[in-house]
């Protein structure tokens, strides 16, 4: 059974540096993810530390240093409403924020590890908007001005397609993340009305750029929206720990053309004993059952996760046929 750990800020621990230090320096991002891959040999490598900040910073948000080993965050939303987002020019992946740095890191990792699957993290429109105007303003606009909000999300699509084109030129792949849009942030009905048109557009267009359907990774309670997620044409979904995983898997039971990553409880991986970690892995493997196109996932590993636990977990999964 394949076990696929998600390594972002956790990679910084391999250098003994804070996620902040590593996130601001392309050379450190490269060294951290190279060291993590040499230890884990995981699939895929997704270079980056604070992945949901990239586009927000490219559009003008200030990213600030957290205390200790925390994840960097946006100081304050740079815009006040979705109407302002509708007037934004698309980001330029060749010059805006840290996007050029991350694409270059991915290119260097691919050159060093030609056997590896390198996927640059790209955010969805709702996640970008939540950082640019803040969750409260975004949810108020979604409730009171749904058509303006939907149009603003669609406005963000062009910049993400340009981002994907830069990734394609670097001869690596993409992973697509949109966790801010999960219930209860949006109800299933609002997800369909406001988010799904832009989500479908962005995934179809990036899929055309890359030449294949792209993963649609949405964390949180996604079981109520799994059918809508499948309508995007994705070939890969995450089944988060935070949702009803049994119901989620029942809804995708006939879609073995779509790869499903069923996530373990991160709290156990980060701080549990080996027996607790093994029991959690067994729980997820039982849930997957006879499904052929599936793997076990970890979600985004916290910085402090013991590397030896993750490696032992991957070896445990590899021994299960």
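The values are calculated or read from the model by the stated rules, or taken from the named source; none is laboratory data. Just so you know, these numbers come straight off a predicted model, no measurement behind them. Every residue, glycine as well, gets a Cβ built from its backbone with ideal geometry; the counts of neighbours run over all protein chains shown.
Take residue 196 and decide whether it is touching a helix residue (DSSP H, G or I) at 6+ places or on another chain (Cβ under 7 Å), surrounded by fewer than 23 Cβ atoms within 10 Å (Cβ to Cβ) and part of a helix (DSSP H, G or I). Break it down into steps so the answer makes sense when it comes.
On the way: touching a helix residue (DSSP H, G or I) at 6+ places or on another chain (Cβ under 7 Å): yes; surrounded by fewer than 23 Cβ atoms within 10 Å (Cβ to Cβ): yes; part of a helix (DSSP H, G or I): yes.
Yes: the conditions hold for residue 196.
Looking at (1) in a helix (DSSP H, G or I); (2) closer than 22 Å to residue 95 by Cα, can you tell me which one residue 121 breaks?
Here residue 121 meets the rest and fails (1).
Suppose we keep only residues that are outside any helix (DSSP H, G or I) and in contact with a strand residue (DSSP E or B) (Cβ under 7 Å, 6 or more places away or on another chain) within region 1-40. Which one would you say is nearest to residue 100 (Cα to Cα)?
Of the residues in region 1-40, the ones outside any helix (DSSP H, G or I) are 1-8, 16-18, 24-25.
Narrowing the set further to residues that are in contact with a strand residue (DSSP E or B) (Cβ under 7 Å, 6 or more places away or on another chain) leaves 1-6, 8.
Numbers: 1: 35, 2: 32, 3: 30, 4: 26, 5: 25, 6: 22, 8: 18 Å.
Once the filter is applied, the top-ranked residue is 8.
Filter region 124-167 for residues that are touching a strand residue (DSSP E or B) at 6+ places or on another chain (Cβ under 9 Å) and assigned to a helix (DSSP H, G or I); which is nearest to residue 92 (Cα to Cα)?
163
Given the criteria within 17 Å of residue 269 (Cα to Cα) and buried (at least 18 other Cβ atoms within 10 Å of the Cβ), does residue 33 qualify? Lay out the reasoning, then the answer.
Values: within 17 Å of residue 269 (Cα to Cα): no; buried (at least 18 other Cβ atoms within 10 Å of the Cβ): yes.
For residue 33, the condition - within 17 Å of residue 269 (Cα to Cα) and buried (at least 18 other Cβ atoms within 10 Å of the Cβ) - is not met.
Which of the residues spanning region 296-313 are crowded, with 18+ Cβ neighbours inside 10 Å and either under 14 Å from residue 2 (Cα atoms) or in contact with a strand residue (DSSP E or B) (Cβ under 9 Å, 6 or more places away or on another chain) (or both)?
296, 297, 298, 299, 300, 301, 305, 310, 313
Taking region 206-222 as the region of interest, how many residues are closer than 20 Å to residue 292 by Cα and surrounded by 20 or more Cβ atoms within 10 Å (Cβ to Cβ)?
Number of matching residues: 4.
What residue, of 71, 99, is under 19 Å from the mean Cα position of the chain (by Cα), within 20 Å of residue 163 (Cα to Cα) and either buried (at least 17 other Cβ atoms within 10 Å of the Cβ) or free of Cβ contacts under 8 Å to residues at least 60 places away in the same chain (or both)? Before the answer, list the steps.
Numbers: 71 fails: within 20 Å of residue 163 (Cα to Cα).
Exactly one residue qualifies, and that residue is 99.
Can you find a residue that is farther than 18 Å from residue 163 by Cα, in contact with a helix residue (DSSP H, G or I) (Cβ under 7 Å, 6 or more places away or on another chain) and surrounded by fewer than 16 Cβ atoms within 10 Å (Cβ to Cβ) anywhere in region 104-117?
Yes, region 104-117 has at least one match.
Looking only at residues in region 169-190 that are within 18 Å of the chain's Cα centre (by Cα) and part of a helix (DSSP H, G or I), which one is surrounded by the most Cβ atoms within 10 Å (Cβ to Cβ)?
181
So, of the residues in region 3-24 that are more than 19 Å from the chain's Cα centre (by Cα) and more than 16 Å from residue 73 (Cα to Cα), which turns out to be surrounded by the most Cβ atoms within 10 Å (Cβ to Cβ)?
13
Return the total of residues in region 46-68 being modelled with pLDDT under 95, outside any loop (DSSP other than H, G, I, E, B) and surrounded by fewer than 16 Cβ atoms within 10 Å (Cβ to Cβ).
0
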